[in-house]
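The structure appears right after this line, and notes come after that.
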Amino acid sequence: MGQVNTVHGLTMLIMLALWLVALGATIFALIHAIRQRPDAFTAVDKQSKPIWLAILGVSLLLLLLSPAGLGLLAFVAIIATGIYLADVRPKVDEIQRGPRW
């Protein structure tokens with residue numbers, strides 16, 4: 001019975017760590033989106049700034065409502081944050097700063 005509790009405790013610790021990483025990434029993405037010019041989003045053919053702010057705000061809310069549980073809604077929030085960080089953020093940064101080359 002002691003091994004079951006240890007495994008359960010380790011699993012909960014891993015889930016908490018994953019939740020904290022997702023929460024941090026979502027907060028970072030939301031702050032990044034807030035600091036960008038509105039025309040940068042439409043210049044790279046992405047959704048407008050208010051739409052991304054709403055998506056990331058709802059994502060943050062969904063993560064806060066499911067602490068360390070990482071249910072279905074938390075995964076939806078993580079996917080939305082991932083799309084912003086992997087697709088939208090690099091293009092918005094590039095359009096505002098120019099190419100890195």
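One table, with the values for the structure above:
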| read-out | value |
| --- | --- |
| Failed criterion for Ser48 (all others in (1) free of Cβ contacts under 8 Å to residues at least 12 places away in the same chain; (2) surrounded by 12 or more Cβ atoms within 10 Å (Cβ to Cβ); (3) closer than 23 Å to Leu20 by Cβ; (4) small (Gly, Ala, Ser) hold) | (3) |
| Residue in the stretch 26-42 that is open to solvent by 40 Å² or more (accessible area, probe 1.4 Å), in contact with a helix residue (DSSP H, G or I) (Cβ under 8 Å, 6 or more places away or on another chain), modelled with pLDDT of 95 or more and among the β-branched types (Val, Ile, Thr) present | yes |
| Which listed residue, of Leu56, Leu13, is more than 11 Å from the chain's Cα centre (by Cα) and not basic (Lys, Arg) | Leu13 |
| Number of positions in the stretch 72-82 that are under 8 Å from the mean Cα position of the chain (by Cα) and of a type in the set (A, V, I, L, M, F, W, C) | 4 |
| Candidates Leu62, Leu72, Leu56, Leu16, filtered to the one that is exposed (fewer than 12 other Cβ atoms within 10 Å of the Cβ) and either under 19 Å from Asp93 (Cβ atoms) or of a type in the set (A, V, I, L, M) (or both) | Leu72 |
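The values are calculated or read from the model by the stated rules, or taken from the named source; none is laboratory data. From a predicted model like this one, the values you see are computed outputs, not experimental measurements. Glycine gets a Cβ as well: all are built from the backbone with ideal geometry, and neighbour counts include every protein chain shown. Surface accessibility is based on the protein's heavy atoms, side chains included, excluding ligands, DNA and RNA. Shrake-Rupley method; radii C 1.70, N 1.55, O 1.52, S 1.80 Å.
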